[in-house]
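Take a look at the structure set out below.
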Amino acid sequence: MPNPSDNPRVLLIDDSIDVHRLLKVRLRHEQIRLVDALNARDGLELAKKEPPATILLDLDMPDTDGFEVLRALKEDSTTNSIPVIVLSAMSSSEDKVTAFDLGATDYVTKPFDLAELRARLRAALRLDQLLHLLADRANVDGLTGLGNRAHFNKRWAEKVAECRRHPMPLALAMCDVDHFKRVNDTYGHPAGDEVLQGVAKMLQSECREIDVACRYGGEEFALIMPATSTPDALVVAERVREALMRVIWPRHPEHQITMSIGLVGSSGGIGEATAANWLEQADRNLYSAKRDGRNRVVSSELDSSVRWTSRASDAPSADSQAKAA
Amino acid sequence: MPSQARDGRNTDAAIHSTFANDPDMRELIELFVSELPGRIDEVRIAASSQDAESLRRLMHMLRGSCGGYGFAELGRLAGRIEEALGCCAIQTPDGEGALDNVRAEVHSLIALCARVTAAAPD
Ligand SMILES: [Mg+2]
C-alpha cells in the first residue's frame, strides 16, 4: 500500500480561493499532495522552504505579477529546476511566449479542461523525476554506486560547516586499497573493478546509516562519520579494515585484499580547521599507515590550532591528493 | 408568469452547473453558489462607486472560476467585461468611461447570477 505522504508535493499559487477548492477536489485522485499559497509571497516562501515537485502558478494576482514569481523561482538555485505550469485566464500568445521564455514548463488556460490539466501535471511530475535522476547521476560513481568525489566534497563541506556552527563530534576516514596496481597487473582490469565494487559493498554494509561512504577517486574511498568521536570512529574503521581482509575474491581466492586507513576525528571545537585541511590531516595519517606497513588504521584528534595554508577555501584542494600507493 | 426573451429563451429559468450531477462536485458547487450573492454585492458596490479596478478584479476572479464550477456562460461574460475594462481603463484613468461601456453587461451578469442554482436539473 503506497504511503500518501510519499506522494510528490504540488504547490498551487493562486489568489482565487475558488481555484484552490476546485483543484483540491479535482486532483483528489492524483498521486500528489497539494499545498496551497494564496499569494505570491507565501508561494515563494513555501517553494524555497520545501521545494515541491511541481508548481501550478497563477499569472494574475493582485500583490505580484505571476511573471515576477516565475522570474524569482528561476533565479533561486533551490527552486530553479522545479517544473512550473502557468495557469492563466489570458490566452494571448504573447503571455505564453513570455512564460516559456522565463522558464515555464507548461501553460494551461482557465477555465481548466480537467483531463488536460491532469495530463499536463503528470507530464511535469515525470519531468521533475527525470531531473532528479539526472542530478543523482551526476553525484554517483558509475562503477561502485557510491557517491563520487563531487558528492563527497559537497557533503564533507556541509558536515564541517555544521560542526562549526554547532560543535559536535565528527570523523573522517580516508581508505586506500593496498597494492591495487598489482591486482590490475596480475589479474586484469575486470578483477580490479571487482575489487573496487567489493570494497564499496563492504563499506556500505559495515558502516552505519548515518555514515557517508564515497569513492574519492581511483582506489581511494572516503568515509564521513557524523556525530562520532575519534575512538568510536576508530572502532568503525577497524571493523571495515578487518571485514575487507575476510572477503574471498572469486577471481583470485588466493590473493587477499587489504586497505590502509587515515582517520582524523574531532570531539567538538574545530577551531581554525577547514574541510580542506581536515582532509589533508586524514591524508597524512593514511600516508603514515602506508609507510608503517599498510593494512592498518592510523588515527588522531583533529589539530585545530594550526593555520593551514589552504584555509582560504573550504573545498578540498588539489594538492591534498598526493598519495602513496 | 415567466418572462420571455426576444430569442424565446426563458429568462427566469434556473441556471444549473454542468457538473451538478457529479457527486465529487456537489458540495463545492453548493459552496460556490452560496457565496455568489456576496460577490454580486461587491460587483454592485464597485459599479456604483465607479471603482473600475475592483470591478475588473472581481470579473477576473469570476472568469477564472465560473467555468471550473460548471457555469461557463457566466465565466465568458465576466471575461468580456474584464477585457472591456482592461482596455478602456487605459484611455480613461478615472475609469468612468470604461464603466459606462460595460454597464449593460454588468447588469446582465447580475441577472444571470440571480438565476444560478446548486440543484441538479430535474
Ligand atoms: Mg488570479
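Condition check ((1) at pLDDT 95 or above; (2) surrounded by fewer than 23 Cβ atoms within 10 Å (Cβ to Cβ); (3) more than 21 Å from B:V102 (Cβ to Cβ); (4) within 16 Å of the chain's Cα centre (by Cα)) across all residues:
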site	(1), (2), (3), (4)
B:D22	no, yes, yes, no
B:M25	no, yes, yes, no
B:P37	no, yes, no, yes
B:L62	no, no, no, yes
B:Y69	no, no, yes, yes
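Of A:L121, A:L172, A:L130, A:L223, all but one fail to be part of a helix (DSSP H, G or I) and either under 25 Å from A:R294 (Cβ atoms) or open to solvent by 30 Å² or more (accessible area, probe 1.4 Å) (or both); the exception is A:L130.
Taken together, the residues in the range A:52-101 that are surrounded by 18 or more Cβ atoms within 10 Å (Cβ to Cβ), away from the ligand (no atom under 13 Å from the Cβ) and part of a loop (DSSP other than H, G, I, E, B) amount to 5. Out of A:L196, A:L263, one residue alone is buried (at least 16 other Cβ atoms within 10 Å of the Cβ), touching an Asp or Glu at 6+ places or on another chain (Cβ under 9 Å) and not hydroxyl-bearing (S, T, Y). It is A:L196.
Restricting attention to the range B:63-84, the residues that are in contact (Cβ under 8 Å) with a residue 24 or more places away in the chain, within 14 Å of the ligand (Cβ to nearest atom) and within 14 Å of B:E105 (Cα to Cα) total 2.
When the range A:2-24 is limited to residues that are outside any helix (DSSP H, G or I) and away from the ligand (no atom under 16 Å from the Cβ), the one that is nearest to the other protein chains (Cβ to nearest Cβ) turns out to be A:V10. Kindly indicate the residue of the range B:21-61 that is touching a residue at least 60 places away in the same chain (Cβ under 8 Å) and touching a Phe, Trp or Tyr at 6+ places or on another chain (Cβ under 7 Å) and also farthest from the other protein chains (Cβ to nearest Cβ) among those meeting that condition. Top of the filtered list is B:I29. Restricting attention to the range A:27-54, the residues that are within 23 Å of the chain's Cα centre (by Cα) and under 19 Å from A:L114 (Cβ atoms) add up to 1. Scanning the range A:34-43 for residues being open to solvent by 30 Å² or more (accessible area, probe 1.4 Å) and within 16 Å of the ligand (Cβ to nearest atom) gives a total of 5. Is it the case that some residue within the range B:71-86 is in a loop (DSSP other than H, G, I, E, B), more than 10 Å from every other protein chain (Cβ to nearest Cβ) and modelled with pLDDT under 95? No - not one qualifying residue is present in the range B:71-86. Residues being under 30 Å from A:L70 (Cα atoms) and among the hydroxyl-bearing types (S, T, Y) are entirely absent from the range A:184-201.
Given the criteria more than 14 Å from chain B (Cβ to nearest Cβ), within 16 Å of the ligand (Cβ to nearest atom) and β-branched (V, I, T), does A:V160 qualify? Write out each step before concluding.
Working: more than 14 Å from chain B (Cβ to nearest Cβ): yes; within 16 Å of the ligand (Cβ to nearest atom): no; β-branched (V, I, T): yes.
It is false that A:V160 is more than 14 Å from chain B (Cβ to nearest Cβ), within 16 Å of the ligand (Cβ to nearest atom) and β-branched (V, I, T).
Just checking, which of A:R182, A:R165, A:R137 is surrounded by fewer than 20 Cβ atoms within 10 Å (Cβ to Cβ), more than 21 Å from A:S260 (Cβ to Cβ), more than 12 Å from the chain's Cα centre (by Cα) and without any contact (Cβ under 8 Å) to a residue 24 or more places away in the chain? Unique residue meeting the criteria: A:R165. Residues in the range A:102-115 that are of a type in the set (D, E, K, R) and either surrounded by fewer than 16 Cβ atoms within 10 Å (Cβ to Cβ) or in a helix (DSSP H, G or I) (or both): 1 in all. With respect to (1) away from the ligand (no atom under 16 Å from the Cβ); (2) more than 14 Å from chain B (Cβ to nearest Cβ), the lone exception for A:Y107 is condition (1). The set of residues in the range A:25-51 being assigned to a helix (DSSP H, G or I), over 20 Å from A:D106 (Cα atoms) and within 13 Å of another protein chain (Cβ to nearest Cβ) consists of A:V25 alone.
The values are calculated or read from the model by the stated rules, or taken from the named source; none is laboratory data. Note that the coordinates shown come from a computational prediction; the quantities given were computed from them, not determined experimentally. So basically every Cβ, Gly included, is an ideal-geometry build from the backbone, and we count neighbours across all protein chains shown. Ligands, DNA and RNA are stripped out before the accessible areas are found, and what is left, the full protein with its side chains, is counted by its heavy atoms. Shrake-Rupley method; radii C 1.70, N 1.55, O 1.52, S 1.80 Å.
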